[in-house]
Amino acid sequence: MKYPHIFEPLDLGFVTVKNRILMGSMHTGLEEEKDGYHKMGVYLAERARGGVGLIVTGGIAPNIQGWTGPFSARLSSNKQVKNHKIVTKAVHDEGGLICMQILHSGRYGYHPFNVGPSKKKAPINPFKPFKLKSSGIKRTIKDFVNCAQLAKKSGYDGVEIMGSEGYLINQFIAKRTNDRIDQYGGDYENRMRLPVEIISKIREAVGENFIIIYRLSMLDLVEGGSSWEEIVTLGKAIENAGATIINTGIGWHESRIPTIATSVPRAAFTWVTKKMKEEVSIPLITSNRINMPSTAEKVLAEGDADMISMARPFLADAEWVKKAKEEKEDEINTCIACNQACLDHAFEQKVASCLVNPRACHETELNYNPTTTKKKVAVVGAGPAGLSAATIAAQRGHEVTLYDADKEIGGQFNMAKQIPGKEEFHETIRYFNKQIELHGVQVKLNTFVDEKLLNEGNFDEIIIATGIEPRVPKIDGINHPKALSYIDVLKNKKSVGQKVAVIGAGGIGFDVSEFLLHEGSSSTLNLDEWLDEWGIDKSLEARSGIEGVKPILPKAKRQITMFKRSKGKFGGNLGKTTGWIHRANLKKMGVKFIGEASYSKIDDAGLHYEVNGESHVLEVDNVVVCAGQTPLKTLYNAIKDSSHNVHVIGGADFAAELDAKRAIEQGAKLASIL
């Protein structure tokens, strides 16, 4: 067997987990949807059928104060049990095990009833918490116990107690958020009292044959967090209180260090879990940026943990475990950790999905059933939209020919994969290449498609996915040798000088800047360099892993000034949960930002521009234009009124900003109904 450690059973004494893969907790928004528990049952059952050893649900509040937002999911009364039974039955029918996560959001609760150990408002929340009184703490503990008992009654195999990521329990533990002077504040023994009492009282209430996972914050990554000695003390106390397993939590939501974004190296924090293994005897789960079997196997083989937690990889591919077991890892639709359709959706109160798999969390409405009428389909353009449409149409049984003028498939992904921190796009291209092979898509590259070719093909359906072309702004001197488009830089590999002006502060402008700053290197591929860059102490001598640690930054390869015409912050339209990372990356590398600028001309002297009515000249070697895109509709316009059944998707349909999420979803939905 290629991955023996992954597929070694884990004996918990009263139950055996069939492999070492846990589907980690992830709130999807289905919990609050109409008929959401049925949809959640279908979604989770598909993952259980795919072979995952143990599933943990998204966070369920034990009371109203613990809500993540108004009317979010909670389990506090018997009348709610029937909904949860739908989920547990669906998973058990597929031979799976499932635990329910109990999450009290504390001061992170996005509602006016939130509470905390102290009246300290979270920097990511406008609502200031009420301070829990001693009676309120006792009531909260009872609510945790009640929630666990109801979970057992609902058929769950166990519960996970969320004690990390800066939620309520974590808030009691850290001095950062706890300035109490009673028995739940002050010295560490008092501050850790809440989680220990919760675990011991839950164990007493549910008995021995019930899984209790405790999510322990092993690296807070915020000022005023726990020291390593404190974390070890708590871990041992949690074990003694009756926990079955300890799961690794990394970072608070308010931390200014990325922990799960694509720029984070794979398995970036398993060394923390390994250090804890020296201190406790119950099984430990590790997590964060583990998305392929080879990575998971290596972590287990080296003894970093007893089990691997992956959340978003199961959005990307429900059959991850099955494919790993069958040694078909090249068929895995790999999570690229973009956060665009999962975490961003959660924070926007939308149902989660996945950029590379739009079926995720929509299994009851988007399916790729075998066709009853085989059609001859042409797809023009092998970018994200075209690849999605072509492979799914072929999977359903259609005869598909995929055309592209380029020498390789991938479209804009071939530029994205070059950006430091976005190397995971290589996996997406690999996945689509495999799908093309598996489903017999006929691929014709280096092929210019016109109306004549399509007429001669006698196609039943024609899908135009020709993408975009860069918008060319009206600037005097735009054709000067100093002026380059982002395609010139990323695709055509034109030489770029040391002093650069980047026009445009959207995703492309940020990507081009990252590429030029780090050209030839990427800390995402070197863990120690990445830890140094973000100021993380691997020895854990620094409190919270960061206090007093000075980041060691790589030397910028170029001097870059970024411009935009509009007001507001740079990168304002970047991902809700990742935009701050991109802004921080450029800022720490010395990029200068000039907003509300108008451009006069580009000439031998450089870029001429105006701000607040004052004229300036920036001496630069090159001006890279990243000023948006327009749909490339030449072919579509030529054939849209013909007798063909013509569809247009992706950037060719709409190109405000490059949007692979929308493109892949459009392609999938169209292919599902052809």
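The values are calculated or read from the model by the stated rules, or taken from the named source; none is laboratory data. All values derive from a computational prediction rather than experimental measurement. Every residue, glycine among them, receives a Cβ derived from its backbone with ideal geometry; neighbour counts consider all protein chains shown.
Here are some notes:
- Failed item, numbered, when THR273 is tested on (1) of a type outside the set (A, V, I, L, M, F, W, C); (2) surrounded by 21 or more Cβ atoms within 10 Å (Cβ to Cβ); (3) touching a helix residue (DSSP H, G or I) at 6+ places or on another chain (Cβ under 8 Å): (3)
- The stretch 638-674 - residue that is out of contact with any helix residue (DSSP H, G or I) (no Cβ under 9 Å at 6 or more places or on another chain) and either closer than 30 Å to ASP476 by Cα or β-branched (Val, Ile, Thr) (or both) and, of those, surrounded by the most Cβ atoms within 10 Å (Cβ to Cβ): ALA655
- Options TYR184, TYR156, TYR214: the member that is assigned by TED's automatic domain parsing to the domain that holds THR57, part of a loop (DSSP other than H, G, I, E, B) and either of a type in the set (A, V, I, L, M, F, W, C) or crowded, with 24+ Cβ neighbours inside 10 Å (or both): TYR156
- Screening THR259 against (1) under 20 Å from LEU10 (Cα atoms); (2) surrounded by fewer than 22 Cβ atoms within 10 Å (Cβ to Cβ); (3) among the polar types (S, T, N, Q) leaves a single unmet condition, (1).
- Selection within the stretch 511-550 - part of a helix (DSSP H, G or I) and of a type in the set (S, T, N, Q): SER513, SER523, THR524, SER544
- Unmet criterion (only one of (1) farther than 24 Å from LYS576 by Cα; (2) within 31 Å of the chain's Cα centre (by Cα); (3) not aliphatic (A, V, I, L, M)) for GLY166: (1)
- Scanning the stretch 313-335 for residues that are under 15 Å from GLU46 (Cβ atoms) and charged (D, E, K, R) yields a total of 4.
- Condition check for SER485: hydroxyl-bearing (Ser, Thr, Tyr) and buried (at least 21 other Cβ atoms within 10 Å of the Cβ): yes
- Considering only residues in the stretch 540-582 that are touching a residue at least 24 places away in the same chain (Cβ under 8 Å) and basic (Lys, Arg), the one that is nearest to PHE510 (Cα to Cα) turns out to be LYS564.
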